[in-house]
Amino acid sequence: MGRSKGWAAERTGRAPMLSPGRPQINQRPAKRAFWQCIAEGSQSEDAARACGVSQPLGTRWFREAGGMPPMTLAPPSGRYLSFPEREEVALLRAQQCGVREIARRLGRSPSTISRELRRNAATRGGTLQYRATVAQWKAERAAQRPKLAKLAQNNRLQAYVQERLAGAVADGSGKRIAGPNVPWKGRRHGRRADRRWGNSWSPEQISRRLPLDFPEDASMRISHEAIYQALYVQGRGALRRELAACLRTGRALRVPRARTRQRGKQFITPELMISERPPEVSDRAVPGHWEGDLIIGLNSSAIGTLVERTTRFTMLLHLPPMVGHAAGARVKNGPALAGHGAQAVREAIAAKIATLPDHLGKSLTWDQGAEMAQHAQLRIETGLAIYFCDPRSPWQRGSNENTNGLLRQYFPKGTDMNRYGETVVSGSFNASRPQSQC
């Protein structure tokens, strides 16, 4: 005689759960260890190997979460039963131990053990049998607190965000403006290729535009972080995943800040580090202190950027290929001829600084790139005091990083920078009020 309908819910006190198949062995400690390794800068494969799971599984965890930890990395508080405790409960239960005996051996309340045996018991065989793996799976499923994304709830807001992310915006006459033609290749935007000028909006532009377009509608509000997470995290069902290719970076996964593990350059000494920079540079009170970096394009092309910290005045450096580039066999240990080597960058900076008054050429802050290997000669030629940021610390050049991100609207990744002549690239503008000649 079969069981009556609903007997499991009546006996366990919990609504029936759809089984996903064979219950997985407890993965939360392994996932927590995996994301801890990711936060420390490890690659997905290395993190998977360190926490004892297969490399394809670690890669899948990273991609499904969009590069963001889906759980807290803090250790468990001990409030709830752990998987080893559930295994101990199953063993003691198989030995016919009572509820109070199990609670005494585990140091838990008898009501906790009684509730555990009743709620998380396996019901597939028609009886209540306690198994540790099934109990752990049921506890994790019951602890989930799914929350529907705001973009998935509001269709009007979702359409507004998707149109601007894709660049499908109409001009003043109502004509649709096509967005960037970037095919979706899975993990990122595929192989490097020439990309059109991007007409798409950034998430922050969309977020700040909403109060202007809908001043009376409080439901048409969303933060730029929520838009990023809707693009990065799979399974939210809010935005099309291929829209990540329309971002300025074209990145579909977030890359942890600590991932890059590059050693410091030999030409950098302690007295050149940013920690030795005078205080007047940090407070932005006196003009004449600059931040610089390169924007890399297709076929080893590049453009240099110099941003003044006080006024955000920006100058672009034209870095064409040097004589002899791609003309024959490279000279061993010879200079880099692609246009953004140490010699080319030094000459371009010196030529640009020479056009400024003396009081506007005081210092230059750069990252630890090999293009600044001739900084000592540059100091002699221009009188600039040159400082280098700490490794993996781009925020120490915040003005320059922000400006480079804005310039990516006009020079998308994959653009051949050599197509632009000196009259275009050598322009200048104020980053706080973009009026670029580009």
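The values are calculated or read from the model by the stated rules, or taken from the named source; none is laboratory data. What you see is a predicted model, and the numbers here were worked out from it, not measured in a lab. Cβ coordinates were reconstructed from backbone atoms using ideal geometry, including for glycine residues, and neighbour counts include every protein chain displayed. Ligands, DNA and RNA are excluded from the accessible area calculation, which covers all protein heavy atoms including side chains. Shrake-Rupley method; radii C 1.70, N 1.55, O 1.52, S 1.80 Å.
Per-residue accessible area (protein heavy atoms, 1.4 Å probe) orders K5, K138, K362, K175 as K5, K175, K362, K138, starting from the largest. Here's how it looks for I386: its modeled amide H is under 5 Å from those of L364, which are all 5 or more places away or on a different chain.
FRET efficiency for S111 and T59, Cβ-Cβ distance as r, R0 = 45 Å, nearest 0.05? Don't skip to the end; give the middle numbers.
On the way: r = 43 Å, r/R0 = 0.95.
The calculated FRET efficiency here is 0.60.
Loop-located chymotrypsin sites (Phe, Trp or Tyr not before Pro) across region 46-85 with a Cβ neighbour count of 15 or fewer within 10 Å are Y80, with loop assigned by DSSP. Taking amide H positions as modeled 1.01 Å from N, with prolines and chain starts lacking one, the residues under 5 Å from T415 and 5 or more places away or on another chain are R195, L298. Placing pseudo-labels 7 Å out from each Cα toward the beta carbon at K175 and T311 gives an inter-label distance of 3.8 nm.
Can you work out the FRET efficiency for the pair S4 and R49, with r the C-beta to C-beta distance and R0 = 51 Å, to the nearest 0.05? Using R0 = 51 Å, I get an efficiency of 0.55.
Annotation for region 201-232: GluC sites (Glu not before Pro) lying in DSSP loop with at most 16 further Cβ atoms inside 10 Å of their Cβ are E216. The trypsin sites (Lys or Arg not before Pro) of region 37-79 that DSSP puts in a loop, and whose beta carbon has at most 16 other beta carbons within 10 Å, are R79.
Our estimate of slack between A376 and R254, defined as 0.36 nm per intervening residue step minus the Cα-Cα distance, is 40.3 nm. For region 1-156, the mean projected area of the C-alpha convex hull, equal to one quarter of the hull surface, is 13.0 nm². Annotation for Q205 and R240: the two label points, set 7 Å from Cα along the Cα-Cβ direction, are 1.9 nm apart. Taken along the Cα-to-beta-carbon direction at a fixed 7 Å, the label points for Q129 and A94 span 1.1 nm.
Which value results for Rg/Rh of region 94-145 when Rg is the Cα radius of gyration and Rh the Kirkwood radius based on the inverse mean 1/r? Don't jump to the answer; show the numbers that get you there.
Working: Rg = 11.7 Å, Rh = 11.8 Å.
That ratio equals 0.99.
Counting only aspartates and glutamates at least 8 places from K362 when in the same chain, those with an alpha carbon closer than 19 Å to its own are E271, E276, E280, D283, E291, D293, E308, E347, E381.
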